[in-house]
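Visitor: To start, I am sharing the structure in question, which I have written as structure tokens.
The values are calculated or read from the model by the stated rules, or taken from the named source; none is laboratory data. Note that this is a predicted model, so its numbers are computed, not measured. Cβ atoms come from the backbone with ideal geometry, glycine included; neighbour counts cover every protein chain shown. SASA here: full protein model, heavy atoms, side chains in, ligands and nucleic acids out. Shrake-Rupley method; radii C 1.70, N 1.55, O 1.52, S 1.80 Å.
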Amino acid sequence: MRGTRIAGVGSRSEIIARFPDFPVEDFGDALILPGIVNTHTHLELTALRGYLENEENDFFAWLRKLTLARLEKLTPDDIRVSATWGACEAVRAGITSVGDASDSAMMSMLALHDVGLRGVVFQESFGPDPRLVSENFEKLRAKVAELRGVETDLVRAGVSPHAPYTVCGPQLERIARFARDEQLPLMMHAAESHAEELFVREGCGIFADGLAKRSIEWKAPRLSTIQYLKQLGVLDTQPLLAHCIRVDDADIETLRETGSKVAHCPKSNAKLGHGRAPFAKFLNAGVAVGFGSDSVASNNTCDILEEARFAVLLSRAGECDTLITASEALSTATAGGARCLNLAGKIGELTEGAEADLAVLSLTGPHQTPNYDPAATAIFASSGRDVIMTVVAGREVFRDGRVVGVDEERLRARMNEIREKL
Ligand SMILES: [Zn+2]
């Protein structure tokens, strides 16, 4: 490594011959991986890990309890602690870049800065009521302006209209136009639940009932979510779409054609009983796909190696005609994630000149021995807990069991205080 970049890649003898003056480190039996990318998370919700288990059979109640906790019980400092703890968990698992969507996006931005993570922080926007579009849009615009003021070489701002059932059509159109005009990346939840499908296709179900109770008008487009988002211009932003479970072949072709990207979150999808996204079909169609943990409120860990193993096994269980390989999963966790965050070529690969984002995965555990094939050992036998060092832009952010420059003991004590309050 030289500065923030990778100076050379090769065997030990080649590298020593080429860079005789560079310090050399030996990690023993270990894999040096491109930094792992978590394409979809909500770091501000880290304090809600395990808090919503009793609501999991009712998605509406789950969302309501989550929203009440975030808006009414947590202070801004609680949210910052929560996001920072989540960022620590990420770098401990070899994650070097995140796509984070938060309501308190500024707190997530500061958490990424404090821990040294790379990523895109997407400011969330809500607003199911067409009468309030201007008001809600102005709120978003003001928050994005603040976020842009604290962007760095590592962290960019984006926008995230939450979901088709929490943001009305006119507001989605307005945000999509804003994202295009300002060249802001856009992430949103799409085609996630059966309830969402009922809402968009038929105009009924829990989300439609919820709007009716608030006297908010909803006329269903009677399309799939993907075709609805295309109609509104959202897909013209080449968005990153989280979940994409309820998609048919025509939708997958639309995703490919429009350059839309998929944040595949198999553990969250399974835990909430939403179903399984067609991971092998995305790969075969050439749709950009990366893995996302989603928030730990629905996972309950931020560990993309674990996510990758789960994704492969789940795909093989359900899409038996194509067996996804360990190498494909490793590539999805790194280069695929880089494409999803518009960072292809810059991160997600170990090549000369790329940014020095790395994870060192120890291979010495009993669960990894013997190791015949490094990709198979990484995906089928390892987890983020086997990571011994994480580097972002040439800087060690996790090493020797510690997140560098962060008082994790103080954060742990604060997380327990927040638990008591909740
Ligand atoms: Zn999410």
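Visitor: Are there any chymotrypsin sites (Phe, Trp or Tyr not before Pro) in the range 24-68 that are in a DSSP loop and have at most 14 other Cβ atoms within 10 Å? List them by number.
Guide: Those that pass, being in a loop and sparsely packed, are 27.
Visitor: When a/c is below 1.5 the answer is rounded, else prolate if a/b is larger than b/c, else oblate, so apply that to the range 64-199 with a ≥ b ≥ c taken from the square roots of the Cα gyration tensor eigenvalues.
Guide: prolate
Visitor: Among DSSP beta bridges whose residues both lie in the chain, state the antiparallel percentage, nearest 5.
Guide: Close to 35 percent.
Visitor: Starting from the Cα gyration tensor of the range 338-421, take the square roots of the eigenvalues, sort them a ≥ b ≥ c, and report rounded, prolate or oblate (rounded when a/c is under 1.5, otherwise prolate if a/b is larger than b/c, else oblate).
Guide: oblate
Visitor: When ligands, DNA and RNA are left out and all protein chains stay put, how many square angstrom of accessible area per residue does the chain have with a 1.4 Å probe?
Guide: Using a 1.4 Å probe on heavy atoms only, each residue of the chain averages 41 Å².
Visitor: By DSSP, what percent of the beta bridges with both residues in the range 82-230 are antiparallel, rounded to the nearest 5? Before the final figure, lay out the partial values.
Guide: Working: 0 of 15 bridges.
Beta bridges within the range 82-230, antiparallel portion: roughly 0 percent.
Visitor: Separate question: Students often forget the sequence filter, so: which aspartates and glutamates lie under 17 Å Cα-Cα from residue 139 once same-chain residues fewer than 8 apart are removed?
Guide: Straight-line reach from residue 139, under 17 Å: 103, 124, 129, 173, 182.
Visitor: Alpha carbon centre of the range 79-144 versus the range 312-372: separation in Å?
Guide: Cα centroid to Cα centroid, the span is 25 Å.
Visitor: Peptides 360-372, 149-161, 343-355, 283-295: what's the order by average Cβ count within 10 Å, highest mean first?
Guide: 283-295, 149-161, 343-355, 360-372
Visitor: Of all accessible surface on the chain at a 1.4 Å probe, what whole percent is carbon and sulfur?
Guide: So the carbon and sulfur contribution to the accessible surface is 50 percent.
Visitor: Could you rank the peptides 84-91, 114-121 by their average count of other C-beta atoms within 10 Å per residue, with the highest value first?
Guide: 84-91, 114-121
Visitor: Also, quick follow-up: Equivalent ellipsoid semi-axes for the range 37-126, as square roots of 5 times the alpha carbon gyration tensor eigenvalues: give them largest first, rounded to whole Å. Working shown, then result.
Guide: Details: eigenvalues 98, 39, 29 Å².
Whole-Å semi-axes of the equivalent ellipsoid: 22, 14, 12.
Visitor: What lysines could a cross-link reach from residue 346, if we take a straight Cα to Cα line under 19 Å and drop same-chain neighbours fewer than 8 places away?
Guide: Excluding near neighbours in sequence, the set is 261.
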